[in-house]
Amino acid sequence: MEAKAVAKYVRMSPIKLKPIVDLVRGKDLNEALTILKFTPGKGSVLVEKVVKSAAANAENNHNMNVDKLYIAEIYANQGPTMKRWRAGSHGRAFIIRKRSSHIGVTLRERD
């Protein structure tokens with residue numbers, strides 16, 4: 001039995017999210033939430049929100065014991081990139097890439 005939660009089109013680069021995701025992969029739920037709470041930056045808040053959503057799904061939809069949950073899978077993949085233009089010197093245009101991510105979490109119960 002597993003519980004999942006996904007946040008799509010999060011307006012943050014996956015390069016910034018992947019180190020935060022790597023911190024909590026394989027950890028118990030309470031330990032992961034503590035790590036995310038004390039990790040600085042916007043990315044930890046976004047990942048924490050998805051982990052809490054997966055925990056709520058596990059408790060309410062699948063009747064799983066919250067104390068036995070651990071993060072089985074977690075990822076921060078690349079989403080679509082918005083392309084914007086900025087004026088450059090000599091009449092050129094420079095591209096600005098506004099990247100987005102998809103964050104996914106899967107929780108399972110320990111035996």
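The values are calculated or read from the model by the stated rules, or taken from the named source; none is laboratory data. Nothing here was measured: the structure is a model prediction, and the numbers come from that model. Cβ placement follows ideal geometry from the backbone for every residue including glycine, while neighbour counts extend to all protein chains displayed.
Here residue 17 qualifies as modelled with pLDDT of 95 or more and in contact with a Gly (Cβ under 6 Å, 6 or more places away or on another chain). Scan (1) surrounded by fewer than 13 Cβ atoms within 10 Å (Cβ to Cβ); (2) among the basic types (Lys, Arg); (3) in a helix (DSSP H, G or I) for the single condition residue 8 breaks and write down its number. Failed condition: (3). Figure legend. Inter-residue proximity from segment 78-92: first residues in contact (Cβ under 8 Å) with a residue 12 or more places away in the chain, second residues small (Gly, Ala, Ser) and part of a loop (DSSP other than H, G, I, E, B), beta-carbon distance below 9 Å, spacing 6+ or different chains. Indicated pairs: 78/13; 78/100; 79/100; 80/100; 81/100; 82/100. Residue 94 meets each of the listed conditions (1) in a strand (DSSP E or B); (2) within 14 Å of residue 10 (Cβ to Cβ); (3) not β-branched (Val, Ile, Thr) apart from (2). Restricting segment 38-52 to residues that are farther than 17 Å from residue 102 by Cβ and without any contact (Cβ under 8 Å) to a residue 24 or more places away in the chain leaves a set whose member that is nearest to the chain's Cα centre (by Cα) is 52.
The set of residues from segment 24-55 being loosely packed, with under 15 Cβ neighbours inside 10 Å and of a type outside the set (D, E, K, R) comprises 26, 30, 34, 38, 40, 41, 45. Filtering segment 47-91 to residues that are closer than 26 Å to residue 25 by Cα and assigned to a strand (DSSP E or B) leaves 69, 70, 71, 72, 73, 74, 75, 76, 77, 78.
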